[in-house]
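For reference, the structure is listed below as structure tokens.
The numbers here are math on the coordinates, done by the rules we state, and not lab data. It should be emphasised that the depicted structure is a prediction, and the values quoted were computed from it without experimental measurement. Here the Cβ positions follow ideal geometry from the backbone for every residue, glycine too, while neighbour counts run over all protein chains shown.
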Amino acid sequence: MVTDLVCGSNIDEMNAGASYNYKRQTYYFCGTSCKDEFTKAPVKFLKKRG
Ligand SMILES: [Zn+2]
């Protein structure tokens, strides 16, 4: 399981609605709307992570 950094949902990589590579890491999202939010401002969401 991974966390969708935009909405905070726990999702299964295999069932993710969208994924995005950023700085050599793949991030998974529940859908393209969350992915779009992330791609607009990745730093904003990465900062939130503990
Ligand atoms: Zn989401």
*Checking residue 33 against (1) small (Gly, Ala, Ser); (2) near the ligand (Cβ under 10 Å from one of its atoms); (3) outside any helix (DSSP H, G or I), which single condition isn't satisfied?*
(3)
*How about the stretch 1-28: which of its residues are within 14 Å of the ligand (Cβ to nearest atom) and part of a strand (DSSP E or B)?*
2, 3, 10, 11, 18, 19, 20, 27, 28
*Could you grab the pairs with beta carbons closer than 9 Å, sequence gap of 6+ or different chains, first residue in the stretch 10-22 and more than 8 Å from residue 35 (Cβ to Cβ), second one in a strand (DSSP E or B) and small (Gly, Ala, Ser)?*
13/19
